[in-house]
Amino acid sequence: MSTTLLVEPSAMSPARRVAGAVLRSREIAVAAVLVALILLTTLKNPSFLLSADGWRDLLLTPSLLLLLAIGQTVVIVTRNVDLSVGSTLGLTAYLTGKLFVAHPGLPILAVFVIGLLFGAVLGMVNGLLVSLFKVPALVITLGTLYIYRGIFLTWAGSSRINASDLPESFNRLGSQQILTIPVLTIIAAVVLAGVGYYLHTARSGRELYAIGSDPEAAQLYGLPVRRRILAAFVISGAVAGLAGVFYAARYGTVSSGAGYGMELQAVGAAVIGGVAIFGGSGTVWGAAIGAFLLVTINRALPIVGISDFWQQAVVGALIIAAIVLDRVLAARQERRLVAAREEARSHA
Amino acid sequence: MPGPGAAEIALELRDVAKSFGSVAALRSGSIAVRPRSIHALVGENGAGKSTLVKIVAGVHRRDSGVFRLHGKDVDFGSTAESKASGVAVIYQEPTLFPDLSVTENIFMGRQPLAAGRRIDRAAMLQEATGLFERLGVHIDPRRPARGLSIADQQLIEIAKAISLDASVLIMDEPTAALSGVEVDRLFAVARSLRDEGRALVFISHRFDEVFDLCDTVTVMRDGQYVSTDAIADTTVEQIVARMVGREVAELFPKVPAEVGDVVLDVQGLSSVGTFHDVSFAVRAGEIVGLAGLVGAGRSEIARAVFGVDGYDAGRVTMAGRSLPKHRARAAIRAGMAFVPEDRRKQGLIVEDSVARNVGAVIRRGLTRAGLLTARAENRAAGPWAGRLEVKTPALDMAAATMSGGNQQKVVLAKWLATNPRLLIIDEPTRGIDVGTKAEVHRLLSDLAGQGLAILMISSELPEVLGMADRVLVVCEGRITAELSREEATPEAVMHAATAHVVHAAEAAAADGGDTGRPATDDNHQEVTA
């Protein structure tokens, strides 16, 4: 072995390394699929993108799932999962309506804050159960999925919130645009940027990845595993609560089916966006693009003329393809890393 | 314990006890480590060393006894607390986050921060590069930890511990997976840390390293403190005797057995990039040692022979019948057994009971109407566990809770239950203490005596020389020498193992290897280099 220091691949220039990483990144791949889908659909029906409504819907419709996918990513990264977000969303949406019915003069900002906090409380229940009892999150949140939905059903019964129950300004918010970009989408993007920034640059954010990568090592390392997992669930709940307020603003009507099944879409969006289901890797950016893709596919396929059944199947195929792709890429990367090690050994 | 005032002692434990349920892992552990000292802690596996380390690290809380750091009583409830008090621990098995970069692994939880409490990645990378420079490590700090060899992972653990700037540094068998050059570097760093006034605890089963590096040695046995001596005033024989409580006359009692027919015949086996044109035979009653440097391709050859991996060319024949490639099941049916290197991950289902593990391969034969009962498993496992003296109170105990030596016996029992004709065993005594080591060796010798053919891979030269009837030396994927027991001297094996390297210096070092100490293996470092 030579004694000179050789930190091998650092010979590559930083610009090239960054370029290589970006080109290989999952986010870019999914974004390319999304762009291709939008272009194809627009060719078939130009109003999909080029009309004012088309443009607005393209950006506005995914905003709900976008929020849920952000929260879901934070949880999945820690090797957990939050299946209760659909119920949280529904319950919060109904709460929003009820608040306006009881206090018509309530400032809209206050309602947003209350929705966020309410969701955070529901998320905290999940987090406490998961981190205290060390029961798999899959089981706990499957339980709270039904419990939250049950509370919602008992509370709402057969009644529902109608657009007429909500203040006009709140309803308008659901379709309001700033520079043609819907306000709800802007808020979702701000949340996305905030959470993404946090996960990338904060110690506690990186610790979430560490915990998901190897929970036992995290424990040995002295990381505050319980606290971090609790926080991840609180974030997920809070974001789902915010999505609930969005739901009320966007659709105006809230019946007991609100948010039904959205938790699985959120998991799907995260997985498509490259978030490893066993934790430790993936970004909210990827999950956000995944959410966009999922929603846009559902809207685009009818336009392209594909039947209902196949729409579902396409989404399913996409999720499976994403996971298979992950496995193949992971295996390839592992081989490459092992090869790099061998190389280093024989050259050293 | 003898010693000066408490103020001069960096780490002190006195009569510390710890039980898990009814099992006393540590009865009365004591150690006093001074600053500016490298203190060896030796003892058989199960002697309580690791428990002691985990108490110091804050993983476990002691039940009783005195625990002082720099003269102050402490009681750590978590690893975070011990870290904050300046204790760094390198565990036996690396604990890295595979998805994160090497740099992040080193600084997780205490990354350098820039304005607004954001992680300063540039500074972090720079610090990591500096650490690696000091350690002479050849790893890209940006790459993910996934895919790194155990040796590389161990080096990262060391970098991590050093970056903590701890006043007390504990290393639990840090050299087990390292090559000679890497060990030398680690020792150089350890010495410089000592000279800076830190206290180091070094746990190792390799006495040459203990005597090379440490100034003081504390011996433990059966969860109890036995003795503390200055290295200069003691000998390997004394320490070994204290560890096992008896004089170890012979460590490797291979009894010559009658050699029978060829059981395994390998012809021209090749796999692109790993090994080339490998041919050899193993006969009944014979132990064939597969020696060579770590990474020479020995384990890969064994895996291909057993059918876990495929190969590109060649033929594997068991007792005259050719075996299909990449079909471990066919190999097992033909009477092949394989004890892998990593017993925790590949040899055992660690969460399962002893009985279930022993019955794992033969479970098909234990079923009645397709159902497998615990009773059938226990009935099948009992005799084997008994024969191999697996020291566990009950067959339903989880394998994870057992010591390395006992786990190895369980793996052996699992395969012996299949009545194999050929046993391939990869690093039979890695991480196993001296006493159990001898037991495993005696067992292998007995098995060969009963007509079992054994192919043994080992990186420990004394083990190969002591156990094998014939030694095959592998170098860069090729068999470079076949040596009979008489021909197999440390020099001959090493020469063949490094056939591609110009190695005047190593040869000179090997000539200096002494003969008086059965437990030392001065040649070990070269062999694993």
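Each reported figure results from applying straightforward, stated rules to the coordinates on display, with no laboratory input. Quantities reported herein were computed from a predicted structural model and do not represent experimental measurements. Please note: Cβ atoms are built from the backbone with ideal geometry, for glycine as well, and neighbour counts cover all protein chains shown.
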Legend entry - Selection of chymotrypsin sites (Phe, Trp or Tyr not before Pro), the stretch A:215-286, meeting DSSP coil and at most 16 other Cβ within 10 Å: A:Y260, A:F278
Legend entry - Compactness of the stretch B:320-465, expressed as Rg and Dmax over alpha-carbon positions, Å: 15.0, 49
Legend entry - Where Rh is the Kirkwood radius over Cα pairs, Rg/Rh for the stretch A:30-71: 1.04
Inset, instruction - Report the percentage of all Cα-Cα pairs in the stretch B:322-370 whose separation exceeds 14 Å, rounded to a whole percent. - result: 63 percent
Inset, instruction - Give me the percent of DSSP beta bridges within the protein assembly as shown that run antiparallel, rounded to the nearest 5. - result: 55 percent
Legend entry - Positive dipole terminus of the stretch A:55-335, leading residue within A:A238, A:L68, A:M262 (C-beta point charges): A:A238
Legend entry - Cα convex hull of the stretch A:77-119 - mean projected area over all directions, nm²: 3.5 nm²
Inset, instruction - Over the stretch B:235-354, consider all pairs of different Cα atoms and compute the Kirkwood hydrodynamic radius from their mean reciprocal separation; express it in Å, one decimal. - result: 16.9 Å
Legend entry - Dipole magnitude of the stretch A:55-335 about its Cα centre (Cβ charges: Lys, Arg +1; Asp, Glu -1), debye to nearest 20: 280 debye
Inset, instruction - Set the Förster radius R0 to 51 Å, insert the Cβ-Cβ distance between B:H326 and B:D120 as r into 1/(1 + (r/R0)^6), and round the FRET efficiency to 0.05. - result: 0.55
Legend entry - Relative contact order (percent, whole number), chain A, Cα cutoff 8 Å, 6+ residue spacing: 32 percent
Inset, instruction - Mind putting a number on the dipole of the stretch B:58-187 about its Cα centre? Charges go on the C-beta only, +1 for Lys and Arg and -1 for Asp and Glu, and I need it in Debye to the nearest 20. - result: 440 debye
Inset, instruction - Note down the Stokes-Einstein diffusion coefficient of the stretch B:43-84 in µm²/s, whole number, using a Kirkwood radius over alpha carbon pairs, 25 °C, and 0.890 mPa s. - result: 227 µm²/s
Inset, instruction - For B:L455, list long-range residues whose amide hydrogen, built 1.01 Å from N in the peptide plane, is under 5 Å from its own amide hydrogen. - result: B:V288, B:L423, B:I424, B:I425
Legend entry - Binned Cα-Cα distance frequencies in the stretch A:55-335 - 5 Å width, integer %: 1, 6, 12, 17, 18, 17, 13, 8, 4, 2, 1, 0, 0
Inset, instruction - For helix A:14-24, report the angle its Cα long axis makes with the longest principal axis of the Cα atoms of chain A; keep it between 0 and 90° and round to the nearest 10°. - result: 60 degrees
Legend entry - Per-selection Rg to Rh, the stretch A:103-163 - Cα, Kirkwood hydrodynamic radius: 1.09
Inset, instruction - For an R0 of 45 angstrom, estimate the FRET efficiency from the Cβ-Cβ distance between B:S192 and A:A32 and round to the nearest 0.05. - result: 0.30
Legend entry - Rounded Å value of the spacing that divides the Cα centres of the stretch B:365-444 and the stretch B:161-225: 32 Å
Legend entry - Radius ratio Rg over Rh of chain B, counting only Cα atoms, Kirkwood formula for Rh: 0.97
Inset, instruction - Give the long-range amide H neighbours of B:I170: residues separated by 5 or more places, or on another chain, with amide H under 5 Å away, using H modelled in the peptide plane at 1.01 Å from N. - result: B:A88, B:V89, B:I90, B:V201
Inset, instruction - Just name one of A:A248, A:V284, A:V111: the one whose Cα is farthest towards the positive end of the charge dipole of the stretch A:55-335 (beta-carbon charges, Lys/Arg +1, Asp/Glu -1). - result: A:V284
Legend entry - Square roots of 5 times each gyration tensor eigenvalue, C-alpha, the protein assembly as shown, largest first, Å: 56, 32, 27
Legend entry - 0 to 90° range, to nearest 10: angle between helix B:150-163 axis and chain B longest Cα axis: 0 degrees
Legend entry - Check: the stretch A:237-348 dipole with +1 on Lys, Arg Cβ and -1 on Asp, Glu Cβ, in debye: 220 debye
Legend entry - Options B:M456, A:I297, A:A202, ranked by Cα towards positive dipole end of the protein assembly as shown, top entry (Cβ charges): A:I297
Inset, instruction - Calculate the spin-label point distance for A:H103 paired with B:S484, positioning each point 7 Å from the Cα along the beta-carbon direction, and give it in nanometres. - result: 9.7 nm
Inset, instruction - Using only alpha carbon pairs under 8 Å that are at least six residues apart, calculate the relative contact order of chain B and give it in whole percent. - result: 16 percent
Inset, instruction - Over all alpha-carbon pairs in the stretch B:53-187, figure out the percentage whose distance exceeds 26 Å. - result: 27 percent
Inset, instruction - Quick one: P(r) of the stretch A:132-188 from all Cα-Cα pairs, 5 Å bins, percents rounded to integers, in order of increasing distance. - result: 4, 13, 13, 11, 12, 16, 14, 11, 6, 1
Legend entry - On Cα atoms only, tilt of A:308-347 relative to the major axis of chain A in degrees: 20 degrees
Legend entry - C-alpha center-to-center spacing [the stretch A:99-161, the stretch B:320-337] in angstrom: 58 Å
